[in-house]
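Only one structure is covered here, and it is reproduced in the block below.
Quick note: the coordinates plus some simple rules give every number you see, no bench work behind them. Given the structure is predicted, the values throughout are model-derived calculations rather than measurements. Here the Cβ positions follow ideal geometry from the backbone for every residue, glycine too, while neighbour counts run over all protein chains shown.
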Amino acid sequence: MRNKLNITKTDRRLKKRVEVLRKSPAVAHVVSKKRLGEEMISRVDELPALPTVVSKIMALIEDNNSNAQNLEQYLKQDQALAARLLRIVNSSFFGLPNRISSISQAIVIIGYNSLKNLVLAASTSKLLEGVFPGYGFKEGGLWQHAFMAATWASKLSSRFEIDTEEADELFIAGLLHDVGKLVLSSYITINCKEMMTNLITCNGNIEEAEKALVGISHSEIGSRIAQKWNFSDKLAHIIKYHHNASCAVDYQKETALIELVNYCLVSKRYGMFENIPIDVGLSQTCLKQLKLTSEKILELTEEIEESAEGWETI
Ligand SMILES: [Fe+2]
Ligand SMILES: [Fe+2]
């Protein structure tokens, strides 16, 4: 049973067990971290299948023969999803001059290609909503972070000379790059104080802080979730290395783009508490693959900032 903070009773018990272990000699601490990591991996297996609505929308997006009528037909059967979609479309983030009140109107105004991605985003919003204080997110912050990452990753793909056909895939990668946090969040929230201390000790490196607390990172867990949900190997790979494209063997440029977008969003703390001691950097591979200079990074951050007005209403 989860509450607003996504804390489970299992994790309260787990925290107590770890505290008992830590009173033992130093070696027990290391063992406990390893065991915790294994426990978190086993939770991926216990996760329910990808919500049907999300997988159906993903299949629709991947199907080259699908069209606006198929999408409209599907949304007519799912009123809750249609309502969430209209809420996103009518948010001030999009700044549309007139309110859109029906799906058919949204297809005409926004266009099928952009709208199908928004439907996917709407279908994952339930999954990513909630408060994740252990990660420094305010209520709804993780969802906003994911949505902005998705939007910018697909928008920037052509600017960094990534095949236009990959734009949709990058939208999905941006949307789900932090999905691993869903599994770790409960335990990290209970141990919020220790997580903050770890972040400071690890110079703001979130993956290192997670590993020190729970023996595994959200990127690793996220890539396992992607495999469990039968996403492509490419998507699982990008999720796994989204904090350090230098470790990616394949798809370095795509991974670098997600790393860059995440960097820009976290730097500006969108959806996050200002004082969270997280400090993201950019890997050498990211800088090289995307031919980035400090001016270019600054320009991009400013561009995101200018268009970010209204994102809180999504
Ligand atoms: Fe991340
Ligand atoms: Fe992120």
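Length, then width, then depth: along the principal axes, the Cα atoms of segment 51-128 run 32, 28, 19 Å.
Here the extension length gained between Thr293 and Glu38 equals 87.8 nm, from 0.36 nm per residue of separation less the Cα-Cα distance.
How far, in degrees from 0 to 90, does helix 141-156 lean away from the longest principal axis of the Cα atoms of the chain, to the nearest 10? Result, in degrees: 50. Classified by the C-alpha gyration tensor, segment 18-159 has a prolate form. Its axis ratio a/c, with a ≥ b ≥ c, is 1.5 or above, and a/b is larger than b/c. May I ask for the net charge around Glu274, where only other residues with Cβ less than 14 Å from the Cβ of Glu274 are counted and Lys, Arg are +1 while Asp, Glu are -1? My count for the surroundings of Glu274 gives +2.
Note the full-extension length gain between Thr301 and Ala49 as 0.36 nm times their separation in residues minus their Cα-Cα distance, in nm to one decimal. List each step's numbers first, then the result.
Numbers: separation 252, 0.36 × 252 = 90.72 nm, distance 3.59 nm.
Difference between extended and current length: 87.1 nm.
May I ask for the angle, rounded to the nearest 10°, between helix 218-228 and the longest principal axis of the chain, with both axes built from Cα atoms and the value confined to 0 to 90°? The angle comes out near 60 degrees. Exposed loop sites here are GluC sites (Glu not before Pro) assigned a DSSP state other than H, G, I, E or B and surrounded by at most 12 other beta carbons within 10 Å; excluding them, the longest clear run of the chain is 1-160.
With a simple spin-label model that places each label point 7 Å from the Cα along the Cα-to-Cβ direction, the separation between Ser267 and Cys247 comes to 2.2 nm.
Report the far tail of the P(r) of segment 259-314, meaning the percent of Cα-Cα pairs longer than 12 Å. Considering segment 259-314, 69 percent of its Cα-Cα pairs are separated by more than 12 Å.
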